[in-house]
Structure formats: C-alpha cells, structure tokens
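Below you'll find the structure, written out as structure tokens, and then a few comments.
The values are calculated or read from the model by the stated rules, or taken from the named source; none is laboratory data. Values in this document were obtained by computation on a predicted structure and should not be read as measured data. Backbone-built Cβ (ideal geometry, glycine too); neighbour counts: all protein chains shown. Each accessible area value is taken on the protein alone, full model and side chains, heavy atoms only, with ligands, DNA and RNA left out. Shrake-Rupley method; radii C 1.70, N 1.55, O 1.52, S 1.80 Å.
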Amino acid sequence: MGLTEWAYSLSESLLSDPLPRRWAHSLGVAKRARSLSPILGDDAELLEAAAVLHDIGYSPAIAATGFHPLDGARFLREQEQANERVVSLVAHHSCALLEAEERGLRGALEGEFELERPELVDALVFCDMTTAPDGTPTTPSDRLDEIVQRYGPGTIVGRFIQRAAPEIHAAARRVEGRLVQASADGQPM
C-alpha cells in the first residue's frame, strides 16, 4: 500500500463515522494539496498524505491531550510508525506552536517533533486555511473568520487563530507566489 492510499484509509477509519464533517474537511485539504503538485515536485505525495491526516487527532479513538496536532502526531509515530516527515507536518500544521503555547504544550510539541521544511509547512497551512469545514474551497480570511465565530474570540482556539492570522496570510501569499512563479517557469520549485 502506498503512502497516500494508507493515509486516506487511516484517516477515513478515524474520522468518517464519528466526525463526518471533519472527514469532509480533510478530504478537501487533501484535494487542495494535490493542486499544489506543480510546486512540490517529489514532496507532492508526502504533502497529500499529511493533508488527509492533519486532523486525525480530533478522533475520539485517539484524542488524549485535547490538542489535536499533538494527539494525531503521537498516534502516527507510536501506533503507526508513520513516515517522520508526515508526522512532523501533522504535528506542526497551521501554526500549531502558537496554539500549543496557549495550551501550555509548546515544550512538548517542540521537544517531540521537528519542523519540516518551511515550504511544506506553508503548503499545508495554505491547504488547511483555504478549505472550509465542509471541504469546499474558501479564502484564508473567510476561514479565519469562521474559526473565530465557531469557537469564540476569547477561547483558546479563538485567541490562537487571531495571533496566527498574520503568519497564515503570509504563508498563503508565499504559496500563491510559488504557484504563479511555477506556472511562469513551467516547473516545480
């Protein structure tokens, strides 16, 4: 079984029944990841696998700390012996260090999982933050607004996402710039 086939199967088994909306979002994020293949080269499959797996830490079957990037990454590392680059992307997706800080878990996240290459971190931020909860495309601004509205501005998630907004917008601009450049050059960057 290939990396992406395994990732889709695992994510579906953990999310589709208990959290169908989260599963739809994960499928949308993976679809967005596939659209970035012109700028990813050999890392396209890696990003797609991380994209479909990025929210598995929400699954009631594996949630332990209540912080889904950490729970998902620990599960992938300890139970699945997954590719360490996929694990790192899941652990650090969408500015997770800032949320970990809000939760008092930054030391655990940083200590256990290395950051992946910045271009791939940006790409996963872009995919997650341009995909609505139902899996449809959206803009980073609309996605950030939706998160704040859903959780509330004074909650851990609300505070974190507001702090992360400048970096999320910057990551989206960097990815969009790479897509424009790749289309002009006709090759991966």
Which numbered condition LEU89 misses (of (1) among the aliphatic types (A, V, I, L, M); (2) crowded, with 23+ Cβ neighbours inside 10 Å; (3) without any contact (Cβ under 8 Å) to a residue 24 or more places away in the chain) = (3)
Within region 158-189, residues open to solvent by less than 40 Å² (accessible area, probe 1.4 Å), farther than 12 Å from VAL125 by Cβ and touching an Asp or Glu at 6+ places or on another chain (Cβ under 7 Å) come out as PHE160
Hits in region 133-147 (condition: surrounded by 18 or more Cβ atoms within 10 Å (Cβ to Cβ) and part of a helix (DSSP H, G or I)) = PRO140, ARG143, LEU144, ILE147
Give me the pairs: first residue in region 21-43 and closer than 15 Å to ARG178 by Cβ and of a type in the set (D, E, K, R), second residue part of a helix (DSSP H, G or I) and open to solvent by 10 Å² or more (accessible area, probe 1.4 Å), beta-carbon distance under 7 Å, and six or more apart or on different chains, which are they?
-> none
In region 148-157, how many are open to solvent by 50 Å² or more (accessible area, probe 1.4 Å) and among the small types (Gly, Ala, Ser)?
-> 1
Exclusive hit being out of contact with any helix residue (DSSP H, G or I) (no Cβ under 7 Å at 6 or more places or on another chain) and either farther than 13 Å from GLU80 by Cβ or open to solvent by less than 40 Å² (accessible area, probe 1.4 Å) (or both), set GLY41, GLY57 = GLY41
Spans of helices (runs of 4 or more DSSP H) in region 1-112 with at least 3 residues on the phi < 0 side of the Ramachandran plot and touching a strand residue (DSSP E or B) at 6+ places or on another chain (Cβ under 9 Å) = 20-35
